[in-house]
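Everything on this sheet refers to the single structure shown next.
The values are calculated or read from the model by the stated rules, or taken from the named source; none is laboratory data. Given the structure is predicted, the values throughout are model-derived calculations rather than measurements. Every residue, glycine among them, receives a Cβ derived from its backbone with ideal geometry; neighbour counts consider all protein chains shown. All accessible areas refer to the heavy atoms of the entire protein, side chains included, with ligands and DNA or RNA removed. Shrake-Rupley method; radii C 1.70, N 1.55, O 1.52, S 1.80 Å.
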Amino acid sequence: MILKIFLLFLFIIIIALFVVAIANIFLPAIKSQLLKNTDFVFSPIEKNYIYRVVDNNLPVSENRAVVLSDPNQEKKMRLDYNGIHSCAIIAKFYGSLTENINDCIGYGDCVYACPQQAIEIHNGTAIVTDACCGCGSCILSCPKNLIALFPKNQKSVQYKNNVEKTSIVEIPSKKDFKFWKTWYKILN
């Protein structure tokens, strides 16, 4: 009698596990057909933040943004920072990570502010590509005020780096291949 009850109990547990396994296999497939959001990792709000959409309707001006910091200059670091990567936080609490307090911090607040995705970080310095439409969105995001608008045909910019030093920044003419960027995003 006890053996029959034990076998019946064991049979019920096996059937219950089988039903749970089948439900876990088929329910996600049924839910994906009912839901409009096919990305289960990110919500639509998170997707807008992560996958920024390039706004092609922005007015194009005769100016372009230039970062007044030399990307080829070797930076002498004065402190090692492992916190949140935000230019605004570094500028507020530390002033700069390098010995020259007028250097670009290079954590990319301007990259996130640019609606055209025209700014990249190279050697810890922001560089504006030819995709810049001159809207000026990046200017307000730089806590060091190192971004300014200059005419597109200007090849170099002279600015005062320190009190006693004047520097010249060559404006890079890096082409922005949006076609290949799209393919790299698809492949990754």
Residue among Val128, Val157 that alone is open to solvent by less than 30 Å² (accessible area, probe 1.4 Å), modelled with pLDDT under 80 and not aromatic (Phe, Trp, Tyr): Val157
Would the stretch 94-113 turn up any residue that is surrounded by 11 or more Cβ atoms within 10 Å (Cβ to Cβ), under 20 Å from the mean Cα position of the chain (by Cα) and modelled with pLDDT under 85? no
Selected residue (criterion: least open to solvent (accessible area, probe 1.4 Å)) from residues of the stretch 131-144 that are in a loop (DSSP other than H, G, I, E, B) and farther than 14 Å from Arg64 by Cα: Cys142
Taking first residues from the stretch 73-95 that are in a strand (DSSP E or B) and second residues anywhere that are of a type in the set (D, E, K, R) and surrounded by fewer than 11 Cβ atoms within 10 Å (Cβ to Cβ), the pairs with Cβ under 7 Å that are 6 or more apart or on different chains are none
For the stretch 1-46, how many residues meet the condition of being modelled with pLDDT of 85 or more and touching a helix residue (DSSP H, G or I) at 6+ places or on another chain (Cβ under 9 Å)? 0
